[in-house]
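Worksheet for the structure shown next.
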Amino acid sequence: MKRSSVQSADWASKCEAQKKGNGPVDRGYIGHKAAKMMKHSKIIEERQQKLIEDKTSLLKNIQTAEKLKLSAVTYRSDRLAEFSQVQIIYDGVAVNRAVSFSINRGQRIALSGGNGCGKSSLIKALMGQNILYSGRIMVSGDLKISFVPQDVSEICGGVRSLIKESGVEESLFMAVLNKMGVEENPLRKDMRELSEGQKKKIMIAKSICERAHLYIWDEPLNYIDIDCRIQIEKLLKEFCPTMIFIEHDRAFRNGIATDVVEIARSR
């Protein structure tokens, strides 16, 4: 009993001495505790920073949603272009039956038909490219056209330069790209560094952001994933541009087109 009392007294003395700053101190233990507290504080700080970033991102998303309320340039007259008995000529032979239709303000016209019937050539002729055809194609003066080509493999040059030359606002372009599922900023890249799908998304986003009277898209959904297709369809329904396009995806075509023009082979 006496020994136990002595040990208790000794233990109490040591504790009291440490409280008063006298006696031995386990500096290793204190250092360990301090490091642990600093680590815990750092974790809390990182969590707080993450919350701030999340709130900032949410605010940016709200701002982006507001930016995406796009509108096309309204042309001064109802009729933008007209095809009258047009046939595309390859090697001296007409490849399609004569087709006549007009493109009026607010229409989204889908050209439908089998491969080789001249659909792409019809829209290239509309744009004034060197395509041989019979009949008449009349285009209203001062018509601003935005074009998405079927083949993007040969497109090169810096993405930022491409956007700048098109007169597109970078922030709006990035907002549309983000809406289409492109999170990485491609503005510092060259088009040759990108995949076919990335190039197509960039060309579509650029076109959506361009202020034009008429939007001409040739098979825009090549290399495009299903989620992006859905977003493009939503944007076009909000955007409501005057448009003529070619697309083999029937669900997309039916969801977007106000009118369908059938192009039949001549033989």
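The values are calculated or read from the model by the stated rules, or taken from the named source; none is laboratory data. Predicted model, so just to flag it, every value in this text is computed and none were measured. In this analysis, Cβ positions are derived from the backbone assuming ideal geometry, glycine residues included, and neighbour counts consider all displayed protein chains. Heads up: the accessible areas ignore ligands, DNA and RNA and are worked out on the full protein's heavy atoms, side chains in. Shrake-Rupley method; radii C 1.70, N 1.55, O 1.52, S 1.80 Å.
Details
- Near the amide H of Tyr215, within less than 5 Å, lie the amide hydrogens of Ser146, Thr242, Met243, Ile244, all on another chain or at least 5 residues away, with H placed in the peptide plane.
- Measuring with a 1.4 angstrom probe and ignoring ligands and nucleic acids, Met127 comes out at about 60 Å² accessible.
- With the whole protein complex present, Lys206 retains an accessible surface near 20 Å², based on a 1.4 Å probe.
- Solvent-accessible area assigned to carbon and sulfur over segment 147-267 amounts to 44 percent, based on a 1.4 Å probe.
- Simple label model, 7 Å out from Cα along Cβ direction - Ile43 to Glu184, nm: 3.3
- Prolate/oblate/rounded call for segment 72-171, Cα gyration tensor, a/c under 1.5 rounded: oblate
- Which of Thr74, Thr242 is most accessible, then next, and so on - probe 1.4 Å: Thr74, Thr242
- Across the protein chains, with a 1.4 Å probe defining accessible surface, the residues Phe147, Phe101 rank Phe147, Phe101 from largest area downward.
- Cα gyration tensor, segment 188-234 - rounded (a/c under 1.5), prolate or oblate: oblate
- 3J(HN,Hα) from dihedral phi, segment 159-175, Karplus parametrisation 6.51/-1.76/1.60, rounded to Hz, x for glycine, proline: 5, 4, 5, 4, 5, 5, 5, 7, x, 8, 6, 4, 5, 5, 4, 5, 5
- Note on exposure: Ile202, Ile89, Ile44 ranked by accessible area (1.4 Å probe, complete protein assembly) read Ile44, Ile89, Ile202, with the most exposed listed first.
- His248 accessible area, 1.4 Å probe, all protein chains in place, Å² to nearest 10: 90
- Inter-label distance, nm, simple model (7 Å from Cα along the C-beta direction), Ser171/Ile226: 3.6
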